[in-house]
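**Q** I'd like to ask you about the structure that follows.
Quick note: the coordinates plus some simple rules give every number you see, no bench work behind them. Quick caveat: nothing in here was measured; it's all calculated off a predicted structure. So basically every Cβ, Gly included, is an ideal-geometry build from the backbone, and we count neighbours across all protein chains shown.
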Amino acid sequence: MLILECPYCGVKAEETELAPGGEAHLKRFGPGSPDEDFEAYMFARKNPKGVHFERWRHAYGCGKWFLAARCTATLEVFGTYPAQTTEPPADIVAKIMAKRPDWKGYK
Amino acid sequence: MSTRLAKGGRLIDRAAPQDFTFNGKRLRGFKGDTLAAALLANDQMLVGRSFKYHRPRGIVASGAEEPNALVNMGEGGRFEPNQRTTTTELFDGLTCTSQNHFPSLEFDIGVLNNYAARFLPAGFYYKTFIHPRAAWKHVFEPIIRQSAGLGKVPKDRDADRYEQAYAFCDLLITGGGIAGLQAALTAGKAGKRVWLMEQTAHWGGRAPVDGVEIDGTPAEAWVKNAVQALEAMENVTMRLRCMAAGSYDHGYVLADEKVADHTPGDGRPRHRLWRIRAGQIIAATGAIERPLSFAGNDIPGVMLAAAMRDYLVNWAVAPGDRTVVVTNNDDAYRTAIALKEAGLEVPVILDARATVTGDLPAKARALGIRVEAGKAIAKVKGGKRVTSVAICAQAGQGAVLEEIACDAVAMSGGWSPVVHLWSHCGGKLNWDAAQAHFAPDPARPPLNHDGSALVVTAGAASGVLLAGDVLANATAAAGGDVAPVASGPVEAAMEPVWVMPQGATIDLRMKMWLDYQNDVKVSDVQLAAREGYSSVEHTKRYTTLGMATDQGKLSNINGLAVLADSLSSPIPQVGTTTFRPPYTPVTFGALAGEARGDIFQPLRQTPIHAWHEAHNAYFEPVGLWRRPYCYPRPGETHEQAVHREVVNTRTNVGLLDASTLGKIIVKGPDAGKFLDMLYTNVMSNLGIGKCRYGLMCSEQGFLSDDGVVARIDEDTWLCHTTSGGADRIHAWMEDWLQCEWWDWQVYTANVTEQFAQIAVVGPNARKVLEKLGGMDVSKEALPFMQWADGEMGGFRVRAYRISFSGELSYEIAVPASEGRAFWDALVTAGAEFGMMPYGTEGLHVLRAEKGFIMIGDETDGTVIPQDLNLGWAISKKKADYLGKRGQERPFLASPDRWKLVGLETLDGSVIPDGSIAPAPGTNANGQRNTQGRVTSTYYSPTLKRGIAMGLVKGGLSRVGETIEMTRLDGSTLQVKIVDPVFYDKEGEKQNV
């Protein structure tokens, strides 16, 4: 039962208020895209033990989607940020780098 | 025999006798007794039978770790099996019965298993019940089912109520012994919001029993002062009878408070389940004493040394007159001393250590107790009660040196910290070789959201066992620096003893119990090791060690030490099994809380619900909605009612409460562009005032929802979804708008509950609306697939000419608050035109007669619109829509796909639900091939025969073919493939 802070309304929301949305920063591939790209978009997920980026929706709160960076092994949360971005914000990346020096980056 | 002493008992009130029954026998205890203490006070040492061998079982422990003394508690609506007598507080009128025996506790046929024990070793099931194959179903399984399980299943509805509550604190301290109290005092004085909970009914834990002195006063007085000080702190909340069941992510803790277990029927909730968010958790959960593994260590009368001390000091109960104490540490001497000082006999203390020094043994010797160093128990003798012990050298193989008569044995194999709350959420353990136990490694704690330590242990849970160390450790855990000083005797080091005597022969090892409840012995674990079970987790499952209701609180460390020895591996390398919540069982009632009966889940009702109830509607669940299935009249079956409703709708006019239909407004400059991505067809070019049927697919291309879209104005559309799909589709829209196309200017609003929507359906529909009066509802003014705002019978309405039945049909929306009044007006106006309400089953039959698909019947998440002959609703011109790329995958274009057809039997009967069409040959798994299945099947009262839709390989190209289908019972029937539109193929009736 995680607690994640919604970056829109500022509420420290318990997991029962949130709906999970899987891995963040996926790139959509539409009609005409190669099979490998579409397959990766639909099915390939990192599922790391360690630093991970996820989509969450404050479903029983403000209704907004946001993204969270956390460690799947220790449940440490590095930060949450609005969903309207294609890559993690620099301050969160810096925070992760500081705490997990051997982290290879989100890609 | 075990008996109540004339004096003493710090927890009992001799002025308040309490009557109770055990197996129908009337017994008497005192207020403050646990059930176990009261049973022992009445010389009831035998309290149950073990699971596998049905061996006689007595009380072993005095707390939550008790594996044996489980009873069926209560009667009727308050019956509950597997209740631990050691944690059950006695109350007047308590009734309980022993478990797992037939016909009686004293004489149990199942004990035959005991004599066959040689043939029932570890893994017996896996080795035995393999051949012959058929015997499993007809012989083995019925016998195993008959003998499986402890206790009985409650038959009546639970008479009690349960509640759940939330709490938040900076610091949650679990355990109300001196460690927990000291941690709470420290944190409380520092101003933290503290919760302190204790699973028993008393503060103070073991210290008062053990005679500890703190800051120069007896522990009992120190505890009293500490509790008073804490009660005076506004920032400290204290709960007795409250067991922390589990710790979870980010400081979430579940705790079960036994509010009224000891006062049943007093009107309070029986349990309260606390859902707590703590900034940090201090586990001051103490330690549990381990048994020693010697032959006959399961015979009633053999108890943990500290438990025997508890019974003596807390409840003035002496489990035996002559007690032999056997130990590998100094602590058990306290029991011998306490027994002796109470005037009871201790014939000998057998200490497995070669040399015995220290304050406590000296005191025992001074009291005249014989202390034998380097000695062990070769065997305990007795059946339903200990009669004597045979003594041997610990270093040997068990040659008997002497036999001593006794009626009880107190054993101590050392102490293991209770690390459950530490381990539940990821805390790691270190092996402490000096004390022979696993203790929390402070360097590897479970982590909180910010990377700090979520759980800290205090006191014995940290692995420190002496009172002075406990208080210092607890003070530090809570961030303090000045700890009270506790004095006590100096204790010599313990010595690990895993098997007694260390070279015991197989005959002895076959009688050394590790897990009392599940009957796992030293020989079983050694057998598992020989058979290749090197992982502790596999050994646990193979032997069932630690899998009983006590979850191995007594047996795990001893078991894995025996395993490690058999594997010649160090203990830390073998490791522990995983600690999982709950710490002790939590009753289902507490987990369900108030969510039972009428408030099991929230129900959604339309504004017209009360009318349906008043008119004998039979309801069916549709998501969380309750919708009328049909409205049976007196003497009618549901089936007859449905048929009447369908025929009346086709011939006169029907009325349907369609308020549950999903209604989502999509608005904004980019709304048209957005809907073109969402639906498979084009919605942006829909004219204002017009309606269009649309399909929505997942990104994989599979059909997900359908409904009619209406264009309201230049930048506003209203999307109808299925009743069950409104919330899901609204969330789906928001996901795409927020996470993919966040620069598009579109707003959505789910207005499903803002409007009541009523369908007026049938040849007389227009007449009914004209009778109401108001807006022009003629074909010219409001043609098929258009909508108009207006006034009708004095109501503001929006009328849609859409049809899910193939009849002339209006769906009319009014504000929800006016829904019931509008419905009543329609009922009145329709009376002269033969209007009747119809329910969801009538709706299904009407749509199936027309070959209209239903999401969830014709679709199952693997069906694309093209499978349902809905290619016409898929735009070929659009560059993109959700699901288009998925539908480009070659396998979805295969001619072998199952496609929608109509199905009918040759004799007009109805094809049963679930029928499938087999095909020749078998698949890779050796199962029969199939070529199709039924998706919707009904009796059509309009056509007076069965009609069905189904998905069949090849689809409409096979119209006219007859295929064989198989019913669920395996019988077959001949089915003809036909067009799925059974009624009014040209669609003339809806367009009038």
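**Q** For the residue pair B:Gln786 and B:Ala476, what label-to-label distance in nm results when each label sits 7 Å from Cα along the Cα-to-beta-carbon direction?
**A** 8.6
**Q** Describe numerically, in nm with one decimal, the distance between label points set 7 Å from Cα along Cα→Cβ at B:Trp136 and at B:Arg268.
**A** Label-label distance for B:Trp136 and B:Arg268, simple model: 5.0 nm.
**Q** From the phi angles alone, apply the Karplus equation (6.51, -1.76, 1.60; θ = phi - 60°) to region B:793-805 and give each ³J(HN,Hα) in whole Hz, x where the residue is Gly or Pro.
**A** Going residue by residue, I get x, x, 9, 7, 10, 10, 10, 10, 8, 10, 9, 10, 10 Hz, with x marking Gly and Pro.
**Q** Compute the length gained on full extension between B:Lys381 and B:Ser534: take 0.36 nm times their separation in residues and subtract their Cα-Cα distance, giving the result in nm to one decimal.
**A** 51.7 nm
**Q** What distance in nm separates the two pseudo spin-label positions at B:Thr128 and B:Val622, each 7 Å out from Cα along the beta-carbon direction?
**A** 5.5
**Q** Which percent, nearest 5, of DSSP beta bridges in the protein assembly as shown are antiparallel?
**A** Rounded to the nearest five, the antiparallel share is 75 percent.
**Q** Still on this model: Determine the shielding of peptide B:445-456 by partner chains: average, over its residues, the number of Cβ atoms on other chains within 10 angstrom of each Cβ.
**A** So the per-residue partner count for this stretch is 3.
**Q** Which aspartates and glutamates have a Cα less than 12 Å from the Cα of B:Lys340, not counting those fewer than 8 places away in the same chain?
**A** B:Asp321
**Q** Ok, one more. Identify all lysines with a Cα-Cα distance to B:Lys985 below 22 Å; exclude those on the same chain that are fewer than 8 residues away in sequence.
**A** Answer for B:Lys985, where 22 Å is the Cα cut-off: B:Lys779, B:Lys850, B:Lys899, B:Lys944, B:Lys976, listed by chain and number.
**Q** For an R0 of 45 angstrom, estimate the FRET efficiency from the Cβ-Cβ distance between B:Ser487 and A:Lys27 and round to the nearest 0.05.
**A** Given R0 = 45 Å and the Cβ-Cβ separation, E is 0.05.
**Q** Sticking with this one: Of B:Lys31/B:Lys553; A:Lys27/A:Lys107; B:Lys52/B:Lys152, which pairs sit farther than 18 Å apart, going by alpha carbon to alpha carbon?
**A** Long pairs (Cα-Cα over 18 Å): B:Lys31/B:Lys553.
**Q** May I pose another question? Using the Kirkwood radius built from alpha carbon pairs, what does the Stokes-Einstein equation give as D for region A:3-99 at 10 °C and 1.306 mPa s, in µm² per second?
**A** 111
**Q** Give me, ordered by chain and number, the residues 5 or more places off B:Met238 or on other chains with an amide H under 5 Å from its own placed amide H.
**A** B:Leu196
**Q** I would also like to ask the following. What is the projected area of the convex hull of the Cα atoms of region B:895-992, averaged over all directions, in nm²?
**A** Its Cα hull, projected and averaged over all orientations, spans 7.3 nm².
**Q** Averaged across A:28-41, how many Cβ atoms of other chains sit within 10 Å of each residue's Cβ atom?
**A** Other-chain Cβ atoms within 10 Å of each residue's Cβ, averaged: 4.
**Q** Continuing with this model, one more query. Check each of the chymotrypsin sites (Phe, Trp or Tyr not before Pro) in region B:700-780 and keep only those in coil by DSSP with at most 16 other C-beta atoms within 10 angstrom; list them in order.
**A** B:Trp741, B:Trp742, B:Trp744
**Q** Quick check: the angle from helix B:819-830's long axis to the longest principal axis of chain B, C-alpha only, nearest 10 degrees?
**A** Tilt relative to chain B: about 40 degrees.
**Q** Mind pulling the angle between the C-alpha long axis of helix B:556-567 and the longest principal axis of chain B? Nearest 10 degrees, somewhere in 0 to 90.
**A** 80
**Q** Going 7 Å from the Cα of B:Thr505 in the Cα-to-Cβ direction, what parts of region B:103-126 have a backbone nitrogen less than 19 Å from that spot?
**A** B:117-119
**Q** Need the list of aspartates and glutamates near B:Lys989 for cross-linking: C-alpha distance under 17 angstrom, and skip anything on the same chain fewer than eight residues off.
**A** B:Lys989 reaches B:Glu780, B:Glu807, B:Glu811, B:Glu849.
**Q** Which cross-chain or sequence-distant (5 or more) residues have an amide H under 5 Å from the amide H of B:Lys899, H modelled 1.01 Å from N in plane?
**A** B:Val952, B:Lys953, B:Gly954, B:Gly955
**Q** Here's a follow-up. Step through the residues of region B:764-779 one at a time and calculate ³J(HN,Hα) from phi using the Karplus curve (6.51 cos²θ - 1.76 cosθ + 1.60, θ = phi - 60°), rounding each to whole Hz and writing x for Gly and Pro.
**A** Karplus-based 3J(HN,Hα) across region B:764-779 equals 8, 4, 4, 4, 5, 5, 5, 4, 4, x, x, 4, 6, 10, 5, 4 Hz.
**Q** DSSP loop (so not H, G, I, E, B), at most 12 other Cβ within 10 Å: list which chymotrypsin sites (Phe, Trp or Tyr not before Pro) in region B:573-662 pass both filters.
**A** B:Phe600
**Q** Based on the Cβ-Cβ distance of B:Asp19 and B:Glu106, what FRET efficiency does E = 1/(1 + (r/R0)^6) give at R0 = 22 Å, to the nearest 0.05?
**A** 0.45
**Q** I'd like the mean, over residues of B:727-734, of how many other protein chain beta carbons sit within 10 Å of each residue's own Cβ.
**A** 2
**Q** Could you compute the FRET efficiency for B:Ala831 and B:Leu906, with r as their C-beta to C-beta distance and R0 at 35 Å, rounded to 0.05?
**A** So, using R0 = 35 Å, E works out to roughly 0.25.
**Q** Starting from one equal scatterer on each C-alpha and no solvent at all, send me the Debye-based log10 I(q)/I(0) for chain B at q = 0.09, 0.10 Å⁻¹, two decimals.
**A** Relative scattering, expressed as log10 I(q)/I(0), comes to -1.00, -1.08.
**Q** Right, another one. Counting only residues 5 or more places away or on other chains, whose amide H sits under 5 Å from the amide H of A:Glu5 once H atoms are built in the peptide plane?
**A** Long-range HN contacts for A:Glu5: A:Ala13.
**Q** Ok, one more. Each residue of region B:210-220 in turn: what ³J(HN,Hα) in whole Hz from Karplus with 6.51, -1.76, 1.60 and θ = phi - 60°, glycine and Pro shown as x?
**A** With the stated coefficients, region B:210-220 comes to 7, x, 6, 10, 10, 6, x, 10, x, 3, 4 Hz.
**Q** Further question on the same structure: State which stretch of chain B is the longest one without any exposed GluC sites (Glu not before Pro), exposure meaning a DSSP loop state and at most 10 other Cβ atoms within 10 Å.
**A** B:235-713
**Q** Please identify every one of the chymotrypsin sites (Phe, Trp or Tyr not before Pro) in region A:56-90 that sits in a loop by DSSP and has no more than 16 other beta carbons within 10 Å of its own beta carbon.
**A** A:Tyr60
**Q** Based on Cα positions only, what radius of gyration and what Dmax would you give for region B:693-781, in angstroms?
**A** 17.0, 50
**Q** Give me the number: length gained by fully extending B:Lys189 to B:Ala201, i.e. 0.36 nm times residue separation minus the C-alpha to C-alpha distance, one decimal in nm.
**A** Residue separation times 0.36 nm, minus the Cα-Cα distance, leaves 1.9 nm.
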